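Structure first, commentary second.
No lab work stands behind these numbers, since they all come straight from the coordinates. Everything numeric in this text was worked out from a predicted model, so none of it was measured. Positions of Cβ are generated from backbone atoms using ideal geometry, with glycine treated the same way; all protein chains shown enter the neighbour counts.
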Amino acid sequence: MSILKEDAEIDALDLKELHEGAAGITPRFGAVLSEAASVCLDDQQTGNPVNMELSGSIMGNINVGWDVPTLQAKRCYADLEVATEHGAYGIAALLIRHFSDCEVVERSRKGTGFDYWIGEKGGDDKLFQRKARLEVSGIRKGTIGDIESRVRRKQEQTKRTAGTIPAIVAVVEFGRPHARLVEEA
C-alpha cells in the first residue's frame, strides 16, 4: 500500500503553512522549520517563489513560496548545517501533508534510524496509528549525484528498524532546489 500519492493536484507550497503545526510539530517549531527553510532558499538566491523539482515516488515540479528572512533570522541560522537540516524537515513535512493522507505525528528518538513517525491526518486520537517512518536529510547545494548518494545512505540507515512499517526517505537540496522522496514498503 503506497502512502504517497503521485496524482495529488498541488502546484504550490507556502512555507508559512508550517506555522499551523501538525500532530507532531508544534506551531512554534513549525515556524522555526519555515524560517530555516526560508534562510536556506534565500541564501541560494533562488527567487521567491521558486520552482522545486520533485523526483522519486513523486515526480514533477512545485512552486515554493516563503517570507524573505530578516538579517536577524540569517544570523540566527548562521550554522548552515543546522539550518539545512531544519529547513529540510519543514519542506519534507509539507510534502508529506500535501502528497498523502498523512502528516508528521511524532518525533522519533535518537538511534532509531529515522526522524519522524507519519500517521493519518486528523489529530491526537490517531497518534498511535503509525503508518510510516520518515527519514529526512538536507543538502545546502549539491548535484543530482549527491542527492542520489544521500538517498541510498538514508535507505540503508532506515533498514535498522525495517520490519513491517514502511519508510519514506526525503532528501531536500536547496541549491537547485530539488526534493527526492523515495517510499519503501
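Conditions first: (1) closer than 17 Å to residue 85 by Cα; (2) without any contact (Cβ under 8 Å) to a residue 40 or more places away in the chain; (3) among the acidic types (Asp, Glu). Residue 43 passes all but one, so which condition is the exception?
Of the numbered conditions (1) closer than 17 Å to residue 85 by Cα; (2) without any contact (Cβ under 8 Å) to a residue 40 or more places away in the chain; (3) among the acidic types (Asp, Glu), the odd one out for residue 43 is (2).
Here is a yes/no grid of residues against (1) touching a residue at least 60 places away in the same chain (Cβ under 8 Å); (2) touching a Phe, Trp or Tyr at 6+ places or on another chain (Cβ under 9 Å); (3) within 23 Å of residue 34 (Cα to Cα); (4) surrounded by fewer than 20 Cβ atoms within 10 Å (Cβ to Cβ):
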| position | (1), (2), (3), (4) |
| --- | --- |
| 138 | yes, yes, yes, no |
| 156 | no, no, no, yes |
| 166 | yes, no, no, yes |
| 176 | yes, no, yes, yes |
| 180 | yes, no, yes, no |
| 183 | yes, no, no, yes |
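Could you check how many residues of region 34-86 are of a type outside the set (A, V, I, L, M, F, W, C) and more than 13 Å from residue 177 (Cβ to Cβ)?
Qualifying residue count, region 34-86: 16.
I'm trying to understand the selection: among the residues of region 138-158, which are small (Gly, Ala, Ser) and within 19 Å of residue 82 (Cβ to Cβ)?
Scanning region 138-158 gives 138, 142.
Report whether or not residue 160 is more than 21 Å from residue 52 (Cα to Cα), among the charged types (D, E, K, R), surrounded by 14 or more Cβ atoms within 10 Å (Cβ to Cβ) and over 17 Å from the mean Cα position of the chain (by Cα).
So residue 160 does not fit the description; no.
Considering only region 87-124, state which residues are farther than 21 Å from residue 179 by Cα and either among the acidic types (Asp, Glu) or in contact with a Pro (Cβ under 6 Å, 6 or more places away or on another chain) (or both).
106, 120, 124, listed by residue number.
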